[in-house]
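Enquirer: The structure follows.
Nothing in this text is a laboratory measurement; each read-out follows from the coordinates by a stated rule. As the structure is a prediction and not an experimental result, all values here were calculated from the model. FYI the Cβ positions are ideal-geometry reconstructions off the backbone, even for glycines, and counts take in every protein chain you see.
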Amino acid sequence: MEAAAAPAKAAPRRRLSLGPVKAKILIRPKRGILDPQGKAIERALPALGFEGVSEVRVGRLVELEAAEPDRLAELCEKLLANPLIEDYEIELDGDPTGGEALQTPPSES
């Protein structure tokens, strides 16, 4: 009897490159991290007639085009976000699957 062959590992799925992909990266403070801008806005809202608004968090949005969208998480970790105090979400426009959102891996806190 012949030994059964080990199942072949599937090759990693790679996106066909059709040029640069537009991406939006939302960066904001992690839960539990002080957000003074968010708190200032939250305190000002009732005086402007906006009652019932809470948990205001202020972040920033970075829009870019990337030839290698698979490296955007690395870009966020190394430059755009401070992974100790900020979370990020990556939304790919122009993705043939209709766009996808990638989020910061959950922190161990």
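Enquirer: Whole-Hz ³J(HN,Hα) for each residue in the range 66-76, computed from phi via Karplus 6.51 cos²θ - 1.76 cosθ + 1.60 with θ = phi - 60°, x for glycine and proline: what do you get?
Expert: Running phi through 6.51 cos²θ - 1.76 cosθ + 1.60 with θ = phi - 60° gives 10, 6, 10, x, 5, 9, 5, 4, 4, 4, 5 Hz.
Enquirer: Same structure, new question: Leu34 to Leu79: FRET efficiency via 1/(1 + (r/R0)^6), r the Cβ-Cβ distance, R0 25 Å, to the nearest 0.05? Provide the component values of the computation, followed by the final result.
Expert: On the way: r = 23 Å, r/R0 = 0.91.
Result of the calculation: an efficiency of 0.65.
Enquirer: By the gyration tensor of its Cα atoms, with a ≥ b ≥ c the square roots of the eigenvalues, what is the shape of the range 21-103: rounded for a/c under 1.5, prolate for a/b over b/c, or oblate?
Expert: prolate
Enquirer: May I pose another question? Using the Cα centre as the reference, give the magnitude of the dipole from point charges on the C-beta atoms of the range 21-103 (Lys, Arg: +1; Asp, Glu: -1; all else neutral), rounded to the nearest 20 debye.
Expert: Dipole about the Cα centre, nearest 20: 460 debye.
Enquirer: Under the 0.36 nm per residue contour assumption, what length would be gained going from the current alpha-carbon distance of Glu55 and Glu68 to full extension?
Expert: Working it through step by step, the gained length comes to 1.2 nm.
Enquirer: Which value in nm describes the separation of the simple spin-label points at Leu45 and Leu18, placed 7 Å from the Cα toward the beta carbon?
Expert: 3.9 nm
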